[in-house]
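Enquirer: Just dropping this structure here.
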Amino acid sequence: MTAAIYPGSFDPVTYGHLDIIRRAAEIFDELTVSVLNNKTKTPLFSVEERVKMLEEATKDLPNVTIDSFSGLLIDYAKEKNIHVAIRGLRAITDFEYELQIAQTNRKFSGGDLDTMFLTTSLEYAYLSSSTVKEIASFNGDISQCVPDFVAKLIYEKYGLKDRSYYEQ
Ligand code: ADP
């Protein structure tokens, strides 16, 4: 059986992440999408909220499991007995950072954890969780970036009503 982990902040999950999740779930028998509890970042959504959103957004994918972890990815992967990490690449700027992390993980896991990169689908190449949050905070339209239920939750965080409320 082939298995992989897709780790990330997912604050919140976007169509870019969901595209990578769908494609990885076709390649691997089991895919664990895991929310990193990163104490150095101040997220908009709690780990629990991010896990819930991912569960809802992937409920039609039977071989995808949502989890969370803190600490080192190599320790978490070892605990789960998984040897492949998935990461998405949008641009050369992602590549430089990701290459360094991938090599560090391979080295420090004693060759036990490899990273597989999926390049973004072109329609999502511009998309990042931070851009989505910035647009939403000014009550901009994020319907092309995240599922509707996620958009609603983001607007709520900024104390705004869902855009459809104003458009009626
Ligand atoms: P990080 O884990 O670096 O804090 P994210 O949670 O936003 O960042 O992203 C998790 C992974 O998904 C990263 O590998 C990132 O490059 C990738 N990713 C994010 N947005 C997209 C996108 N639009 N298309 C492809 N991959 C993406």
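Enquirer: Could you tell me how many degrees, from 0 to 90 and to the nearest 10, lie between the Cα long axis of helix 148-157 and the main elongation axis, the longest principal axis, of the Cα atoms of the chain?
Expert: On a 0 to 90 degree scale, this one is about 80.
Enquirer: Kindly give the semi-axes, whole Å and largest first, of the ellipsoid equivalent to segment 20-89, taking each as the square root of 5 times a Cα gyration tensor eigenvalue.
Expert: Largest first, segment 20-89 gives 20, 17, 10 Å.
Enquirer: If you add up the charges near Asp112, with Lys and Arg at +1 and Asp and Glu at -1, over every other residue whose beta carbon is less than 14 angstrom from its beta carbon, what do you get?
Expert: +1
Enquirer: Going by average Cβ density within 10 Å per residue, which order do the peptides 54-60, 3-9 take, highest to lowest?
Expert: The most tightly packed comes first, giving 3-9, 54-60.
Enquirer: Based on Cα positions only, what radius of gyration and what Dmax would you give for segment 49-119, in angstroms?
Expert: Gyration radius and largest Cα-Cα distance of segment 49-119: 13.7, 36 Å.
Enquirer: Could you list Ser129, Ser143 so that the one with the fewest beta carbons within 10 Å of its beta carbon is first and the one with the most is last?
Expert: Fewest-to-most Cβ neighbours within 10 Å comes out as Ser143, Ser129.
Enquirer: Using helices alone, what [θ] at 222 nm do you get for the chain, with -39,500 (n - 2.57) per DSSP H run of 4 or more residues, divided over all residues and rounded to the nearest 500?
Expert: About -13000 deg cm²/dmol.
Enquirer: Now, a different point. Quick one: give the max-minus-min coordinate of the C-alpha atoms of segment 94-168 along each principal axis, largest first, in Å.
Expert: Reported extents, whole Å, longest axis first: 57, 25, 18.
Enquirer: Could you quote the convex hull projected area for the chain, Cα atoms only and averaged over all directions, in nm²?
Expert: For the chain, the mean projected area of the Cα convex hull comes to 10.1 nm².
Enquirer: With respect to the cross-link table entries Lys41/Lys133; Lys39/Lys161; Lys41/Lys78, which display a Cα-Cα separation exceeding 21 Å?
Expert: From Lys41/Lys133; Lys39/Lys161; Lys41/Lys78, over 21 Å: Lys39/Lys161; Lys41/Lys78.
Enquirer: Then there's this: Report, in degrees rounded to the nearest 10, the 0 to 90 angle that the Cα long axis of helix 47-57 makes with the longest principal axis of the chain.
Expert: 80
Bear in mind that the values in this text are calculations on the coordinates, not laboratory data. Small disclaimer: the values here were computed from a predicted structure and weren't measured. So basically every Cβ, Gly included, is an ideal-geometry build from the backbone, and we count neighbours across all protein chains shown.
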